[in-house]
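Accompanying notes for the structure given below.
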Amino acid sequence: MNQDELNALPLAGRARYAVLDALQQHADWVDTASALEGVSDDPAWPAALAHVFGDLGDDAALRAWEWGWMPREALSALRKALTAEAVQAGAVIMRGQLVRYKDHELSDRWKVHREELAAIVSDAGVVKASAGLGRWDRIVLWAAVLEALDFLNTLPKIPKVEPLPGDILVAAGLGVAESSRVYEKIRALLAKAESTDSDAEAEAFTAKAQQLIARHSINEALLSEAGQGKREPEALRVIIERPYEQPKSELLAQIADANHCRSVYWPDGGFTTLIGDRADLRSVELLFNSLLVQATSAMTRVGSVSARRGKSQTRSFRQSFLASFAMRIGERLRESAADTEREFTEETGTDLVPVMRQRDERVDARTTELFPRLKMGRGTRITNYEGHVAGLAAADAARLTAPEPITRR
């Protein structure tokens, strides 16, 4: 399109053409935004740009949802690749898209993600974010939005784990509640276990939380098999924060395996997808968060580690520490799970083996459906013996064995 044809377009059309052209340049985003701002002297030009950015942002966010992404993991990917300003712009874009929906059009998980976005940014959409800004602040915003849009538009397709906003399945009640009374109690107990300096108190709080988890999981499994509230396996994603993402993902995988869930870690995305029963997924997420706090606290108490020649060994120590902690925790969880099922059978005369086998088969089938070309990856290589030994000791000190430990669900 030549300049005369461009000038003949209405202001909104010129703005859209200019923004789309800017996105194709992949140059310095601030320079591109500055040039974009200077295309027209019309006082209505900034507002026209804002509306175009708003429309393109809605399109990019909706495409991300349709391709399997939700705000939490999209933000994680943004943080791995972009500037802090672009991450904020991405949050503004995604929040602007989600405010279009009423509560009944969103599952509980979507509502939680929308609330998380509101805690990160105050503006819902680029139009609101640009209101009242001066020229330079607008240029900074345009640059960040261009960077975020460029990234969001290239997100790869991943398995969809939740009905889309506005989907009829949400209205049918397939949204997953993030909390319930029993889980609020479990969260409170684990929080106390993490905050106390007394090993005895931590053990008591953790044991009580495990007791609640175990009984609740078994009851849910039996009710499901009896046809009361029977449901298919679901999926959710857990963000794996830096640093030491690989051993942290292995800790989550060990907890999932011990609780009748499957886990699939994607390093590039920075998250793990968990597949399992609704109650089991929440239990795994709670336990992961709590055990990660305990492991991190034990690891950092050691401080920095130096080799004999003075070269720091802190990173290899901590990576080996977390990997060994994860391995031992998995062993102990599986042992206590077997004990719990055996004790429950002795108390009630109920054979849990076929119940749990059927649950496993459904979870495996759902995992294959979501990840038909799944391949096993390598675990973290343990390169620091001191970290390995310290991680095993910390896992033992977590004292997961309790009168009624976590069941292998």
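The values are calculated or read from the model by the stated rules, or taken from the named source; none is laboratory data. Here the structure is a predicted model, which means the values were calculated and not measured. Neighbour counts are summed over all protein chains in view; Cβ atoms, including those assigned to glycine, are modelled from backbone coordinates with ideal geometry. Keep in mind that these areas ignore ligands, DNA and RNA; they rest on the heavy atoms of the full protein, side chains included. Shrake-Rupley method; radii C 1.70, N 1.55, O 1.52, S 1.80 Å.
General remarks:
- Residue that is surrounded by the most Cβ atoms within 10 Å (Cβ to Cβ) [pool: residues in the range 68-99 that are touching a residue at least 40 places away in the same chain (Cβ under 8 Å) and not in a helix (DSSP H, G or I)]: Trp69
- Those residues of the range 100-122 which are β-branched (Val, Ile, Thr) and open to solvent by 20 Å² or more (accessible area, probe 1.4 Å), in sequence order: Val112, Ile120
- Asp55 being of a type in the set (D, E, K, R) and part of a helix (DSSP H, G or I): yes
- Extreme residue, modelled with the lowest pLDDT, among residues of the range 317-352 that are surrounded by fewer than 18 Cβ atoms within 10 Å (Cβ to Cβ) and not charged (D, E, K, R): Ala338
- Just one residue in the set Ala124, Ala129 is assigned to a helix (DSSP H, G or I), touching a residue at least 24 places away in the same chain (Cβ under 8 Å) and aliphatic (A, V, I, L, M); that residue is Ala129.
- Scanning the range 22-42 for residues that are assigned to a helix (DSSP H, G or I) and either open to solvent by less than 70 Å² (accessible area, probe 1.4 Å) or touching a His at 6+ places or on another chain (Cβ under 9 Å) (or both) gives Ala22, Leu23, Trp29, Val30, Thr32, Ala33, Ser34, Ala35, Leu36, Glu37.
- Residue match in the range 247-259 (condition: at pLDDT 75 or above, under 24 Å from Arg328 (Cβ atoms), acidic (Asp, Glu) and open to solvent by less than 40 Å² (accessible area, probe 1.4 Å)): yes
- Screening the candidates Arg63, Arg79, Arg72, Arg95 for the property of being among the basic types (Lys, Arg) and in contact with a His (Cβ under 9 Å, 6 or more places away or on another chain) yields one hit, Arg72.
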